[in-house]
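The values are calculated or read from the model by the stated rules, or taken from the named source; none is laboratory data. Bear in mind the structure is a predicted one, so any value in this text is a computation, not a measurement. So basically every Cβ, Gly included, is an ideal-geometry build from the backbone, and we count neighbours across all protein chains shown.
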Amino acid sequence: MACARLQEDVVSPPLDAAAAGIAGLQASAWEVKPSLPRILDAIRRHMGMDVAFISEIAGGRRYFRHIDVGDSGFPVVPGDSHPAEESYCLRVVDGRLPELIPNACLNTEALTLAATLALPVGAHLSVPIRLADGRVYGTFCCFSFSPNATLTGRDLSVMRVLADMVGDQIQQDLEEQEAKRLVDERIDAALGSSGLRMVFQPIVQVETGRVVAFEALARFATEPYRSPDVWFAEAALAGRAAELEIMAIRLALASLVQLPPSIYLTVNASPETIVTGALADALRGQPLDRIVVEVTEHQAIERYEDIMEAVAPLKASGLRIAIDDAGAGYASFRHILNLHPEIVKLDISITRSIHSDRSRRALAAALCGFASETGCQIVAEGVETNLEFQVIKALGISKVQGYHLGRPVPLKDALALL
């Protein structure tokens with residue numbers, strides 16, 4: 001990206017509850033969660049039962065959410081539902097049935113349920129599953145087709161402990177689902193009319209001072225008012241980064257017809273967007289010799305060959321590849337070595353204060369040497385002062401970008417720069 005300050009006068013607030021919940025999706029991937037199917041299998045075997053399941057009670061119905069039937073052949077699958085009043089589940093929750101029933105045929109209330117004789121139900125264990133706010137989600141149940149007089153209060157205690165674990169898991173899942181729903185609403189709004197717009201930051205030829213290109217940068221007009229990096233990070237956690245990126249790319253490419261043929265345009269795309277083929281679809285019919293795709297991933301890429309395969313036909317038609325934020329981390333150097341870009345964009349972390357920092361100058365000079373050896377070009381990003389500009393110029397870097405040369409502006413203002 002052109003500048004570390006992706007949107008002027010914006011300080012991104014901490015992620016709100018929904019965004020934090022989505023962040024939990026990523027974090028929870030590293031946690032060891034109890035597997036609900038494994039819990040059901042374990043309790044069914046431990047209790048010597050034929051069927052174990054987790055139910056949800058909602059809208060007057062009992063839904064089977066998870067079920068383990070072992071070898072019983074019980075003809076129910078997740079998602080099946082029945083009227084709650086016709087179930088053991090509701091009657092355990094409201095106290096009409098006890099949680100432990102060694103022999104259902106000896107319980108008067110149980111005999112009022114058709115399933116008791118139809119299945120038949122012999123022994124039955126069921127405890128409520130409660131969420132964090134005390135609401136009953138449903139029940140954690142198991143039953144056998146035959147009575148079992150060996151069941152005791154100790155077995156019921158085991159069920160209650162596991163029901164608490166199940167409740168915690170369900171609570172977390174529900175929170176993540178709600179967080180994703182809210183994020184999806186935000187992204188839908190951003191993708192809607194006027195929710196996403198593009199601004200254009202000039203890339204300037206050092207020797208002539210002329211604008212030779214623009215980088216297209218996304219801006220979001222919908223609430224909450226946050227910087228683009230937060231929007232795209234949240235979209236990535238929700239699995240919608242490619243959708244958002246492609247919308248931004250299409251909006252950017254629409255400006256090409258208004259730019260002189262000598263001006264090229266750079267757009268940002270992650271490796272995931274590239275390898276899915278979505279980028280190729282967005283670029284179809286465009287003048288590829290006037291487009292540069294900046295690879296924006298800041299993490300290690302496992303299969304560079306997939307990216308190379310996806311961009312090979314595009315590069316054959318004139319598309320150029322740039323590595324964004326070179327020097328910002330180890331991953332960017334790996335991208336440079338493996339993707340063989342035509343352009344390497346020097347990160348603001350190197351150009352900032354380069355006039356007073358020997359280490360930054362040395363690293364920039366090393367990258368210039370690499371570029372000379374490999375035939376790629378260097379574009380210095382984040383140039384904000386004349387002192388930085390003069391050092392960049394002395395290093396022989398031919399193109400620069402940053403607030404010293406021009407801020408990101410709407411297209412009409414960008415055209416005025418020409």
Exercise. Of the numbered conditions (1) touching a Pro at 6+ places or on another chain (Cβ under 7 Å); (2) part of a loop (DSSP other than H, G, I, E, B), Arg96 satisfies every one except a single condition; which is it?
Worked result: (1)
Seminar exercise, completed: Per the list (1) modelled with pLDDT of 90 or more; (2) within 23 Å of Pro341 (Cβ to Cβ); (3) not small (Gly, Ala, Ser), residue check on Asp229 breaks on (1)
Problem set entry | Any pair with Cβ under 8 angstrom, 6 or more apart, that starts in the stretch 149-175 at a residue that is outside any helix (DSSP H, G or I) and ends at one that is among the polar types (S, T, N, Q) and surrounded by 13 or more Cβ atoms within 10 Å (Cβ to Cβ) | Ala149/Asn103
For this session: Give the number of residues within the stretch 188-218 that are out of contact with any helix residue (DSSP H, G or I) (no Cβ under 6 Å at 6 or more places or on another chain) and either at pLDDT below 90 or among the acidic types (Asp, Glu) (or both).
Result: 8
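Residues are listed down the side, and each one gets a yes or a no for (1) surrounded by 18 or more Cβ atoms within 10 Å (Cβ to Cβ); (2) touching a Gly at 6+ places or on another chain (Cβ under 8 Å):
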position: Phe53; (1), (2): yes, no
position: Glu56; (1), (2): yes, yes
position: Ile67; (1), (2): yes, no
position: Cys89; (1), (2): yes, yes
position: Cys105; (1), (2): no, yes
Problem set entry | Which numbered condition His404 fails, given (1) of a type outside the set (Gly, Ala, Ser); (2) more than 18 Å from Arg210 (Cα to Cα); (3) out of contact with any strand residue (DSSP E or B) (no Cβ under 7 Å at 6 or more places or on another chain) | (2)
Problem set entry | Total residues in the stretch 369-398, condition among the charged types (D, E, K, R) and surrounded by fewer than 20 Cβ atoms within 10 Å (Cβ to Cβ) | 3
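Quick grid of which residues meet (1) out of contact with any helix residue (DSSP H, G or I) (no Cβ under 8 Å at 6 or more places or on another chain); (2) buried (at least 19 other Cβ atoms within 10 Å of the Cβ); (3) closer than 25 Å to Arg181 by Cα:
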residue	(1), (2), (3)
Asp229	yes, no, yes
Ala238	no, yes, yes
Glu243	no, no, yes
Leu251	yes, no, no
Leu256	no, no, no
Pro261	no, no, no
Thr266	yes, yes, no
Problem set entry | Close pairs from the stretch 191-211: first without any contact (Cβ under 8 Å) to a residue 40 or more places away in the chain, partner acidic (Asp, Glu), Cβ under 9 Å, at least 6 apart | Gly195/Asp188
Exercise. Among the residues of the stretch 322-334, is any in a loop (DSSP other than H, G, I, E, B) and over 24 Å from the mean Cα position of the chain (by Cα)?
Worked result: yes
Seminar exercise, completed: Here the qualifying pairs (Cβ atoms under 7 Å; residues six or more apart or on different chains; first in the stretch 238-267 and assigned by TED's automatic domain parsing to the domain that holds Ala280 and of a type outside the set (A, V, I, L, M, F, W, C); second crowded, with 17+ Cβ neighbours inside 10 Å and part of a loop (DSSP other than H, G, I, E, B)) come out as Glu245/Ser270
For this session: Scan the stretch 141-155 and give yes if some residue there is among the β-branched types (Val, Ile, Thr) and more than 22 Å from the chain's Cα centre (by Cα), otherwise no.
Result: yes
Exercise. Do we find a residue being part of a helix (DSSP H, G or I) and not aromatic (Phe, Trp, Tyr) anywhere in the stretch 291-302?
Worked result: no
Seminar exercise, completed: The helices (runs of 4 or more DSSP H) lying wholly within the stretch 198-282 that contain at least 1 residues that are over 27 Å from Ala331 (Cα atoms) and among the hydrophobic types (A, V, I, L, M, F, W, C) are 241-253
